[in-house]
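Note sheet for the following structure.
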Amino acid sequence: MNKSYKTLFFIKLLLLSLFLSLVILLSIFLYFYKTWQKDKFDIYYQIKSLNGAIRTYDKKYFRVLEINIYDRNNRLISNLKKNQYNYVQLNYYPSFLIDIILIKEDKEFFLHKGYDLKRIIVSFFKNILEGKILYGGSTITQQISKLLFTDRRKTIKRKIYELFTSYYIENVLSKEDILEIYLNIVYLGFGRYGFESGSLFYFNKHVWELNFSESLLLVSIISSPEYFSPIRNLDLSKKKYKTLLRKCVENNLIDKDKEERIFEEFWAQFNINKVFRDINIIDYDYAPWVTDLVIKEIDKMFTLEEAYLNNFNIYTTFDLNCILSLNKSFSKFFNDKRLFFEKMDSNDFNNIEIAVISINPETFEIVSICGGKRYSEINQYNRAIFSLRQPGSSFKPLFFLYCFLKKILTTITILEDKEYSFKLDSNIIWEPKNYGDKYYGNVPIYFAIKKSINSIPAKIATEIDLNDFLNFIKIIFGHVRNDFEKRFKPYPSIVLGSIEMSLLELVVSYATIASGGFKIKPYFIKKIESFGEVIYEVKKVEKEKIIDKRYADMILYLLKFPLEKGGTAYNARNLANFFYQTFGKTGTTNDGRDSWFIGVTGNLVTGVWVGYEKGGGNTYLTGGEYAARLYFEYIKNVYQFFLKYYDFLDSDLVFKYIDLNKINFFLDESDKVLIPFDRDNYPYNILEKIVTDDNVNLESLLKSEFNQDINSSSKDVDQIRKNKN
């Protein structure tokens with residue numbers, strides 16, 4: 001009895017909910033009906049002329065929508081267009097294409113009056129059960145109404161307005177006219193509207209030349225053409241294809257015994273590489289990686305549909321000169337016979353990928369970016385931002401910066417470089433090795449940076465609180481991604497770059513150093529205009545000091561040593577014949593899979609990654625040979641646009657010439673080395689023995705350090721300054 005009562009109560013509650021839902025829907029419907037009454041005569045005349053207007057490309061319905069992307073000097077980077085149609089009359093469409101469309105989209109098309117009440121009600125309750133809008137219940141007529149007479153937003157107001165317009169369309173135009181309009185305006189992805197455009201895009205043939213299998217593919221992806229496209233998601237595309245093929249069997253369009261053969265034969269011969277690969281119809285695109293990045297950001301900020309409808313002009317921080325120079329440097333780099341054709345087989349070469357990103361440390365602007373070797377529809381993964389790889393020794397400067405700041409080390413602290421064996425807490429034995437198993441004995445810290453020694457930072461890492469170090473680096477680049485805690489754990493090997501991080505995170509870290517200690521929050525969209533009105537603008541970048549300038553300058557100065565004779569990046573710099581003031585650090589992973597170089601030249605911090613995309617290769621990649629080589633090929637063409645000389649005179653550091661020969665260290669080509677010291681952590685006991693008699697004038701000392709660099713590039717620099725004036 002009790003159970004029956006509960007069941008009856010549940011049924012009553014359900015019926016009451018249904019009744020209230022219908023009352024609410026009816027009330028909303030009547031409200032919009034009154035609004036509709038004001039517009040209906042205007043809509044009637046629009047529909048009356050609709051078919052002819054579409055055939056003649058009336059701009060009222062076919063206004064070309066555009067997005068323009070500009071660089072920081074207002075030069076056009078790319079122009080993207082939408083709403084370009086190739087109109088084809090109904091009698092040119094294959095009959096099986098129309099049958100497939102009706103099976104998928106609107107089986108009752110020739111029976112209803114513009115809407116299918118049963119489908120609307122079923123979709124309504126399905127959406128309630130799912131908790132979100134997944135099912136539309138739209139007829140072909142409603143889809144035309146949505147495309148031509150509404151703002152296309154998923155709102156109840158739009159849906160009801162769509163119903164009224166659909167009813168008028170059905171009363172004014174014939175079913176054949178409606179079907180013809182639909183076939184010519186339905187969106188098929190990648191800027192293609194209508195089956196003629198879709199057919200040319202996917203199969204390089206006219207719509208009347210399509211066979212059954214090809215027609216089936218185009219119809220199967222209609223609900224979300226780019227998401228279900230075989231170019232983007234091959235497995236999902238096959239599933240959609242198979243589902244629609246089964247429906248064709250169920251509706252007796254094809255025989256059951258042909259189903260499997262049609263599927264297998266089509267996918268065996270379908271060649272993705274033959275498909276035209278543009279995201280949209282692009283008239284100009286000098287930088288596809290930039291375009292892709294900007295478009296995705298705009299889609300998050302406003303939605304891409306809104307950007308097109310409002311003809312956005314997007315002004316970015318990118319520099320077209322840098323982007324074109326970057327493309328030029330790729331060509332020269334990959335045609336270097338010594339690096340690739342003499343040392344590397346074709347399998348390794350094909351597996352090589354690259355990523356580059358440049359940031360201005362004073363303005364926080366991203367100036368240039370490249371996410372891979374070649375942008376295409378099947379290669380859009382931006383490795384500069386999203387790829388996580390082990391940075392190797394390019395990470396070490398962050399650790400030494402921490403040690404200087406915490407007074408753990410000075411720049412001349414002497415430690416023994418040798419093979420170590422560390423027993424960690426979990427009884428794991430850790431034995432870090434130097435590159436080439438080469439060890440130098442007792443060495444000062446600046447020399448450890450120059451030669452990228454592993455043993456010394458590894459030893460220090462086992463003696464400090466690594467959680468404190470993690471807190472330190474989180475302040476520097478933890479804001480770039482939202483998964484810092486997941487990736488960074490207090491293991492000693494972290495100081496050797498054994499963790500995975502993005503190139504963007506690493507460049508942000510070096511930009512913090514180059515800026516004198518400010519937190520870098522990179523951005524690339526400066527301003528957005530719509531029909532002449534500014535709707536978004538970055539007017540001022542807030543700056544937050546996170547590191548004392550003297551420590552930032554100290555580590556920056558020490559990053560000149562890897563570029564000097566005997567340093568890990570010297571050969572690459574020498575081959576490029578580039579001697580303007582530069583600071584930087586190489587990085588190489590133990591397996592030779594990843595090579596890195598992060599360089600600071602003037603007001604430009606640039607990170608370069610060259611590595612194997614999948615697994616490793618037979619050729620061992622080093623940062624000094626590969627990444628640094630690409631860096632200098634690029635930077636020698638653009639540095640003159642970002643001139644800045646770092647003189648370190650305002651750093652509050654103590655600079656001293658030291659002579660290591662006095663304590664039997666024979667580590668450098670010259671007898672004298674100019675080293676910066678922290679006034680609060682000054683190593684008197686060591687310096688008393690090795691300071692030379694040459695410490696007269698700080699300004700002249702610093703200038704002489706980079707004198708060779710400046711003289712080598714002075715003619716170029718003077719010419720650039722004259723041109724600017």
Practice problem: Evaluate the following for residue 536: is it over 20 Å from residue 495 (Cβ atoms) and either crowded, with 21+ Cβ neighbours inside 10 Å or at pLDDT below 95 (or both)? | Solution: no
Self-check item: Residue satisfying condition, being within 30 Å of residue 656 (Cα to Cα), of a type in the set (Lys, Arg) and not in a strand (DSSP E or B), within set 540, 474, 565, 521
Solution: 565
Exercise. Counting only residues that are more than 15 Å from the chain's Cα centre (by Cα) and small (Gly, Ala, Ser), give me the helices (runs of 4 or more DSSP H) lying completely in the range 285-361 with at least 2 of them.
Key: 320-334
Exercise. Mind counting the residues in the range 465-503 that are aromatic (Phe, Trp, Tyr) and open to solvent by 40 Å² or more (accessible area, probe 1.4 Å)?
Key: 1
Quiz item: Does any residue of the range 583-600 turn out to be part of a helix (DSSP H, G or I), in contact with a helix residue (DSSP H, G or I) (Cβ under 9 Å, 6 or more places away or on another chain) and either among the hydroxyl-bearing types (Ser, Thr, Tyr) or open to solvent by less than 10 Å² (accessible area, probe 1.4 Å) (or both)?
Solution: no
Quiz item: Can you pull out the residues in the range 173-191 that are in contact with a strand residue (DSSP E or B) (Cβ under 8 Å, 6 or more places away or on another chain) and either outside any helix (DSSP H, G or I) or surrounded by fewer than 22 Cβ atoms within 10 Å (Cβ to Cβ) (or both)?
Solution: 185, 186, 187, 191
Quiz item: Would it be correct to say that residue 432 is more than 30 Å from residue 659 (Cβ to Cβ), open to solvent by less than 70 Å² (accessible area, probe 1.4 Å), outside any strand (DSSP E or B) and not hydrophobic (A, V, I, L, M, F, W, C)?
Solution: yes
Quiz prompt | Selected residue (only one of 523, 491 is hydroxyl-bearing (Ser, Thr, Tyr) and within 22 Å of the chain's Cα centre (by Cα)) | solution = 523
Self-check item: Filtered residues of the range 389-423 (kept if over 21 Å from residue 687 (Cα atoms) and either of a type in the set (Asp, Glu) or more than 38 Å from the chain's Cα centre (by Cα) (or both))
Solution: 418, 419, 420, 421, 422, 423
Exercise. Report, ordered by the first and then the second residue, all pairs with beta carbons closer than 8 Å, sequence separation of six or more or different chains, a first member in the range 581-603 that is under 26 Å from residue 350 (Cβ atoms), and a second member that is of a type in the set (Gly, Ala, Ser) and surrounded by fewer than 22 Cβ atoms within 10 Å (Cβ to Cβ).
Key: 591/616; 592/616; 592/617; 593/615; 593/616; 593/617
Quiz item: Condition test on residue 408, is it touching a residue at least 40 places away in the same chain (Cβ under 8 Å) and open to solvent by 20 Å² or more (accessible area, probe 1.4 Å)?
Solution: yes
Quiz item: Among the residues of the range 192-215, which ones are open to solvent by 30 Å² or more (accessible area, probe 1.4 Å) and not basic (Lys, Arg)?
Solution: 200, 203, 204, 206, 208, 209, 211, 212
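Residue-wise test of (1) in contact with a Leu (Cβ under 7 Å, 6 or more places away or on another chain); (2) modelled with pLDDT of 90 or more; (3) under 30 Å from residue 318 (Cβ atoms).
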| residue | (1), (2), (3) |
| --- | --- |
| 68 | yes, yes, yes |
| 72 | no, yes, yes |
| 76 | no, yes, yes |
| 80 | no, no, yes |
| 87 | no, no, no |
| 93 | yes, yes, no |
| 99 | yes, yes, no |
| 108 | no, no, no |
| 113 | no, no, no |
Exercise. Could you grab me the full set of residues in the range 342-381 that are of a type in the set (S, T, N, Q) and either without any contact (Cβ under 8 Å) to a residue 40 or more places away in the chain or over 30 Å from residue 643 (Cβ atoms) (or both)?
Key: 346, 347, 350, 351, 376, 379, 380
Quiz item: Inside the range 80-113, can you point out the residues that are open to solvent by 40 Å² or more (accessible area, probe 1.4 Å) and either among the aliphatic types (A, V, I, L, M) or in a loop (DSSP other than H, G, I, E, B) (or both)?
Solution: 84, 86, 87, 89, 107, 108, 110, 111, 113
Quiz item: Any chance the range 369-392 includes a residue that's among the hydroxyl-bearing types (Ser, Thr, Tyr) and closer than 24 Å to residue 555 by Cα?
Solution: no
Quiz item: Which one of 570, 657, 620 is open to solvent by 10 Å² or more (accessible area, probe 1.4 Å), among the hydroxyl-bearing types (Ser, Thr, Tyr), more than 29 Å from residue 345 (Cα to Cα) and at pLDDT below 95?
Solution: 657
Self-check item: Failed item in (1) open to solvent by 70 Å² or more (accessible area, probe 1.4 Å); (2) out of contact with any helix residue (DSSP H, G or I) (no Cβ under 7 Å at 6 or more places or on another chain); (3) not small (Gly, Ala, Ser), with residue 378 passing the rest
Solution: (2)
Practice problem: Pull up the range 219-249, narrow it to residues that are in contact (Cβ under 8 Å) with a residue 60 or more places away in the chain and open to solvent by less than 50 Å² (accessible area, probe 1.4 Å), then point me to the one that is nearest to residue 189 (Cα to Cα). | Solution: 222
Practice problem: Please enumerate the residues belonging to the range 547-556 that are open to solvent by 40 Å² or more (accessible area, probe 1.4 Å) and either without any contact (Cβ under 8 Å) to a residue 60 or more places away in the chain or assigned to a loop (DSSP other than H, G, I, E, B) (or both). | Solution: 548
Self-check item: Selection within the range 305-338 - over 30 Å from residue 608 (Cα atoms) and among the aliphatic types (A, V, I, L, M)
Solution: 307, 309
Quiz item: Does residue 682 count as closer than 28 Å to residue 359 by Cβ and either exposed (fewer than 11 other Cβ atoms within 10 Å of the Cβ) or at pLDDT 75 or above (or both)?
Solution: no
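The values are calculated or read from the model by the stated rules, or taken from the named source; none is laboratory data. This one's a predicted model, so the numbers in the text were calculated from it and none came from an experiment. FYI the Cβ positions are ideal-geometry reconstructions off the backbone, even for glycines, and counts take in every protein chain you see. What goes into the accessible areas is simple: the full protein's heavy atoms, side chains included, and nothing from ligands, DNA or RNA. Shrake-Rupley method; radii C 1.70, N 1.55, O 1.52, S 1.80 Å.
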